[in-house]
Amino acid sequence: FPYTTLFRSSGVFYINADSAEMVIHEPVRFVTLEKKHDRLIVGNMYNEVKIYYKEDDEWVETENLNLHGDLVKTAFNDENGRTWFATPTALIEFDDITVDHFDYKIFKYKNQFIDNPKLTFLNDRLYLINSEGYFYLDSTKLKVVPDVEMMQLLGKPVKHLQQRDGEVWVFNGKNWYKIDHEKNIEMMD
């Protein structure tokens, strides 16, 4: 994907060296690249999830996903091309998102504070991190389960941030920790 993007409550911007150009003009909650079809998935402040593709120099809206009123807090496109959406109470998995192919799976999880979760892959497992703790999708049980070991090691994630490459940064109230894709944990100054 040849563009560096920045999203803000005012829209999505294309960053080029020392300048920024707004390319999608609407308030944005999240944006993620959908790698399978080279599109952007954008969640706006009006609780809509839209898909944009690049036509010449313009981003054009192709689809508006109806997730039946669920408030989508974030999205994540994994290395297999699947797109994951996190609502306040569920993970929604799409193998592919097109007008003709709109099949999905739902996995419930705990999120009593309705905060913004972070989604990433650690040791080939989809992880969800919110202020309740660290959870992963158990592919055998087909449910979201807590990672008790990580919770004991790091404590509750008071703050959680995600880098573009999928690394997750967690603050437990005392220290910041960086967690990489192999689930290596490094305490930061």
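Brief remarks follow.
- Cβ-derived FRET efficiency at R0 25 Å, Gln112 paired with Ile185, nearest 0.05: 0.50
- Packing-based ranking of 15-22, 140-147, 154-161 yields 154-161, 140-147, 15-22, ordered from highest to lowest mean Cβ neighbour count within 10 Å.
- Per-selection Kirkwood Rh - the chain (Cα, Å, 1 d.p.): 17.4 Å
- Apolar share of the accessible surface for the chain: 47 percent from carbon plus sulfur atoms, 1.4 Å probe.
- In this structure, the pairs whose alpha-carbon distance is over 19 Å, taken from Lys105/Lys156; Lys50/Lys73; Lys118/Lys156; Lys110/Lys183, are Lys105/Lys156; Lys110/Lys183.
- Ordering of 124-133, 178-187, 37-46 by packing is 124-133, 37-46, 178-187, highest average first (other Cβ atoms within 10 Å, averaged per residue).
- In this structure segment 55-189 gives 56 Å² per residue of accessible area when probed at 1.4 Å with all protein chains present.
- Here the spin labels are modelled as points 7 Å beyond Cα on the Cα-Cβ line, and at Thr140 and Gln152 they lie 1.9 nm apart.
The values are calculated or read from the model by the stated rules, or taken from the named source; none is laboratory data. Quick caveat, the model's predicted, so the values are computed rather than measured. Ideal geometry is used to build each Cβ from the backbone, glycine not excepted, and the neighbour counts take in all protein chains shown. Surface areas here come from the heavy atoms of the whole protein model, side chains and all, with no ligands, DNA or RNA. Shrake-Rupley method; radii C 1.70, N 1.55, O 1.52, S 1.80 Å.
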